[in-house]
Every structure is written in structure tokens, then in C-alpha cells.
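These notes are about the structure you will find just below.
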Amino acid sequence: WNIAAGVVTGLLAAAAGLRDWIAIPGGTRAKAIGALHGLGNLIVVVLFAASWWMRKDSADYVPDTLAFFLSLVAFAIAGFTGWLGGELVYRLGVAVDDGANINAPSSLSKKPVTSLDVVPETEPGARR
């Protein structure tokens, strides 16, 4: 039943994520990453739902090979989409701050989010 609960809560989280994604301006890196994050998580939910459906009638919900494989694939995709979610929140500041840099480079690029001479007004003791 844990998988079924995860599918239900995943769908509820998708509703909140869709609301956030709609608010992101078009043509931005954040919009593209958000779309990939959302679609990837939808695939995860579908794979886990299929895995649960396949094992629901078996004794002790023990999966057969295909149901287990679907769970492993879903788990791997969830790892990737989780990283994308981290990019959205921690790197791009989506749904965190209205002044977020929605075109910031990837955290893997080693490029700074903003130039060093630009400091957000909300930072205490900010120098200009």
C-alpha cells in the first residue's frame, strides 16, 4: 500500500507543481527544466502505479520481474527529476523568491548565479 499512497501523493504534488510551473515566464531555462521535471515525475508516477497494479493480487504484494524492474526504472528517473527539482529551487529560486534568476546557469557549469558586484537588496549588509 505504500506504493499506492506514493502514487496518490505524487498526483497531489503534481497539482502544486503545475501551478508553480504556469507562473514561470516562457522562454526561460526554468520553464524548460520545470517541464522536464514535471513530465519526468509523471512518468515516475505512472511506472509506480503500473508496478503496484501488477503486484496487488500476489501474495504479500511480492513483485514479479517486470513489476520490480518498473520500480527500479521509476526510482532511477525519480533521482534525476529530484535533481532537476533542486536546480529549480536552489539554483534558479523558482517558487522561493519573486526576484529569482530564472536564467541562471546550471549548477554543473561552475558559473556563478549572478556577478559578484550584484547583491540582492534582501541580503543583510549588502554592498553595492
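The values are calculated or read from the model by the stated rules, or taken from the named source; none is laboratory data. It should be emphasised that the depicted structure is a prediction, and the values quoted were computed from it without experimental measurement. Here the Cβ positions follow ideal geometry from the backbone for every residue, glycine too, while neighbour counts run over all protein chains shown. Ligands, DNA and RNA are excluded from the accessible area calculation, which covers all protein heavy atoms including side chains. Shrake-Rupley method; radii C 1.70, N 1.55, O 1.52, S 1.80 Å.
Within the bounds of segment 106-114, is there any residue that is over 30 Å from residue 4 (Cβ atoms), modelled with pLDDT under 80, open to solvent by less than 60 Å² (accessible area, probe 1.4 Å) and part of a loop (DSSP other than H, G, I, E, B)? Looking for residues that are over 30 Å from residue 4 (Cβ atoms), modelled with pLDDT under 80, open to solvent by less than 60 Å² (accessible area, probe 1.4 Å) and part of a loop (DSSP other than H, G, I, E, B), one finds at least one in segment 106-114, hence yes. Here residue 100 meets the list (1) touching a Gly at 6+ places or on another chain (Cβ under 7 Å); (2) open to solvent by 40 Å² or more (accessible area, probe 1.4 Å); (3) at pLDDT below 80 almost entirely, failing just condition (2). When each of 42, 70, 47, 84 is tested for being in contact (Cβ under 8 Å) with a residue 12 or more places away in the chain, of a type outside the set (Val, Ile, Thr) and more than 18 Å from residue 8 (Cα to Cα), the lone residue that passes is 84. Here 35, 30, 16 are screened, and the one residue that is assigned to a helix (DSSP H, G or I), at pLDDT 95 or above and within 16 Å of the chain's Cα centre (by Cα) is 35. Output yes when any residue across segment 44-58 is of a type in the set (Asp, Glu) and open to solvent by less than 80 Å² (accessible area, probe 1.4 Å), and no when none is. No; the residues of segment 44-58 include none that is of a type in the set (Asp, Glu) and open to solvent by less than 80 Å² (accessible area, probe 1.4 Å). Contact map, segment 1-12: residues that are within 16 Å of residue 56 (Cα to Cα) and open to solvent by 50 Å² or more (accessible area, probe 1.4 Å) paired with residues that are modelled with pLDDT under 85 and in a helix (DSSP H, G or I), Cβ distance under 9 Å, separation 6+ or inter-chain. Pairs shown: 1/61.
Residues of segment 82-96 include none that is more than 27 Å from residue 19 (Cα to Cα) and not in a loop (DSSP other than H, G, I, E, B).
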